[in-house]
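The values are calculated or read from the model by the stated rules, or taken from the named source; none is laboratory data. Small disclaimer: the values here were computed from a predicted structure and weren't measured. Positions of Cβ are generated from backbone atoms using ideal geometry, with glycine treated the same way; all protein chains shown enter the neighbour counts.
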2 protein chains.
Amino acid sequence: MTIKEIAQLAGVSSAAVSRYLNGGYISDEKKEQIRKVIEETGYQPSAQARMLRTKRACLVGVVVPKINSESISRVTAGIEEVLSRRGYQMLLASTDNEPEKEITYLKLFENYPVDGIVLIGTVITAEHRKFLKNSKVPVVVVGQYTKYANCIYHDDYGAGKAMGKYVAAELARGGGSDESGNRAGHRAGKAAYIGVTKEDKAVGVSREDGFRAGLKSGGAELEEGYIRQAEFTMESGYQAALDLLGEKQDIAVISCATDTIAAGAIEALLAYSKNRVPQAAKDSGTRMQYILDSSAVRVTGFGDNQFLKAVTGGIPTVHFGYKTSGIRGAELLLDVIERGEKIPVEMKLGFRMVC
Amino acid sequence: MTIKEIAQLAGVSSAAVSRYLNGGYISDEKKEQIRKVIEETGYQPSAQARMLRTKRACLVGVVVPKINSESISRVTAGIEEVLSRRGYQMLLASTDNEPEKEITYLKLFENYPVDGIVLIGTVITAEHRKFLKNSKVPVVVVGQYTKYANCIYHDDYGAGKAMGKYVAAELARGGGSDESGNRAGHRAGKAAYIGVTKEDKAVGVSREDGFRAGLKSGGAELEEGYIRQAEFTMESGYQAALDLLGEKQDIAVISCATDTIAAGAIEALLAYSKNRVPQAAKDSGTRMQYILDSSAVRVTGFGDNQFLKAVTGGIPTVHFGYKTSGIRGAELLLDVIERGEKIPVEMKLGFRMVC
DNA sequence: CTGTTAGCGCATTCAG
DNA sequence: CTGAATGCGCTAACAG
């Protein structure tokens, strides 16, 4: 069904139909004829052909690393909120944490086309920079800092530092004395950290650097051998935590770069406590040997995952303004789409410790 | 950058460039010239203009009710798997559980256009049927039965029934004797159910009907007053469970229509046990009055959520082949897209109790 | 207010 | 093997 056919059936010109569709001048009489024909045929104008002409789709594309994530869904909720309020629709493309797919989908959106793109960033490779520099459509990056596009990111360093301080304080509280560090609930022990790839500057670098700084400022330290790297999945966090628990017997806190990883660590603790029954006084050496009582190991995360909070009562974590970043990101994007705003913007959002 | 400009720069015709791009006959000499120019300019053909001609985008659109769901992400993972293997890309549209938005996005995809659509269904309204009947592009529905499109759904009735039987058995085990039903861990008590809207035939109707049937076949029953209806969210499950716990003191099991709702119920139990300290022998009537010991209330779900399993150790639930349904759905869709397969298909997938 | 015309960027005839 | 010409469905400019 094309506009031309509708025009013939209604006995008018295709331009008249176009005007009818787009609110141009048209007599009531013809308006009625056209309405009737469209009604009967169920005609719907081709969005693509329209776009070919108008270069305007009222559509924005959002590239996300994965679909099943509370933090990401909070960002997209924010985006969707302002988009729908301003008459835009949103299409998502999930890249499954593969940076190369990110490029593919960015290009797809670029010449599909959409009016604008928001990229929820993980790693910014040279390819990314290249794309951002000469993209035909405006892009805003959420979650990572970049100078090649408008971006809006979170204070990961600050959040890491706050968490580091908190953990250091916990450690100090728990391990007050030296040899007899086995008080109920708390015990002397060290901090462990499960991070992510350093290619992710926000989560992999800033957050971890901040954590280290926070620990240090609290008089603690992240020792070598107490660090693991995981993917952004629960399974990966599970493996990393299990590895940690198997190798080091004096861990008091496992801090994880995300709440999802933390969930995996909690799972590992559960599994560990089942297989490894406490056998405290079996050894009779001169020094008390640390036997890991996994129920005394605490886990911390980042992201303030509500699901985790609900079913576990909550772990120490950090709340980021994910929804806000979505909202601001979308607003930024619409500013350049609709008003051609040219001056670049970098926006850093704060956080809130939750413990 | 258009194909015409490339042609000029390379000193050939636009048709030659088109052939170069699409693997038509072209001399090596011109091939080289064109390659060079494209390289330099970073030219990318406009997908939309191509589609306008070819009616083929190698793209499928997927309409989902929400983004942050493990079950849905498993379906989309299945879809993506076969799509990418066969050279297609996938775009997602999230409707936020609003059926009317579903229609909007279906129409968007229809004339955007994509080559095919998969709808992860919740409710099938008259509007939906109308769309399915005269959609220009093939649609397959996943998760709901419909006769207006190829569909692939799960045995929700069977799953509900299996869960019902399981719960009935648990109930029988827990409340063996009559007056002294207070054994450690288990106690006499009734089954409660938190369902969802009846407009969702699969989850709201089939699953619940099956559950009732299963209970009955196990000698138990779902009494009026022990049923609540929730949204597909944790918060909603939380409220419903709290309401249930406040009103009925003899609940032994809360069965929930989804694991997400179950997570909310678990949260409610946690909250309830904090505020409501057990005060068993305060009453001295002739009959022992039930005082809800929330730690004895068990929660069941549907969906086999891995996150929930990880951090809680797992609740009784049902595993559906979500990824499989995604795979089969995508295959079905490609069959009609590429081979014009005409005969309609309805596929029902099984399940597995997890307890 | 209306119809005619000319493209948007590309792929596909059809003559060379 | 190649280029010129045509049209996909639509809107924007223009002349009625």
From the residues in the stretch B:25-59 that are among the basic types (Lys, Arg) and more than 13 Å from chain A (Cβ to nearest Cβ), which one is farthest from the chain's Cα centre (by Cα)? B:30
Cβ contacts < 8 Å: first residue under 17 Å from residue B:46 (Cβ atoms) and of a type outside the set (Ser, Thr, Tyr), restricted to the stretch B:8-31; second residue within 8 Å of DNA strand C (Cβ to nearest atom) and in a loop (DSSP other than H, G, I, E, B), any location; separation 6+ or different chain. Result? B:21/B:45
Which helices (runs of 4 or more DSSP H) sit wholly inside the stretch A:1-112 and have at least 3 residues that are within 16 Å of DNA strand D (Cβ to nearest atom)? A:3-10, A:14-22, A:28-41, A:47-54
Exactly one of these conditions fails for residue B:141: (1) at pLDDT below 95; (2) in contact with a Cys (Cβ under 6 Å, 6 or more places away or on another chain). Give me its number. (1)
Do we find that residue B:107 is touching a residue at least 12 places away in the same chain (Cβ under 8 Å), closer than 18 Å to residue A:92 by Cβ, of a type outside the set (A, V, I, L, M, F, W, C) and at the interface with chain A (Cβ under 10 Å from one of its Cβ atoms) in this structure? yes
Subset of the stretch A:5-24, residues modelled with pLDDT of 90 or more, within 9 Å of DNA strand C (Cβ to nearest atom) and either under 42 Å from the mean Cα position of the chain (by Cα) or surrounded by fewer than 18 Cβ atoms within 10 Å (Cβ to Cβ) (or both), comes to A:11, A:13, A:14, A:15, A:18, A:19
When you check residue B:78 against the structure, is it farther than 30 Å from residue A:2 by Cα and either more than 16 Å from DNA strand C (Cβ to nearest atom) or among the hydrophobic types (A, V, I, L, M, F, W, C) (or both), yes or no? yes
What about residue B:106, is it closer than 24 Å to residue B:328 by Cβ and buried (at least 24 other Cβ atoms within 10 Å of the Cβ)? no
If a residue must be in contact with a helix residue (DSSP H, G or I) (Cβ under 9 Å, 6 or more places away or on another chain) and either over 15 Å from residue A:151 (Cβ atoms) or assigned to a helix (DSSP H, G or I) (or both), how many such residues does the stretch A:321-345 contain? 13
When you check residue A:62 against the structure, is it within 24 Å of the chain's Cα centre (by Cα), under 22 Å from residue B:68 (Cβ atoms) and within 12 Å of chain B (Cβ to nearest Cβ), yes or no? yes
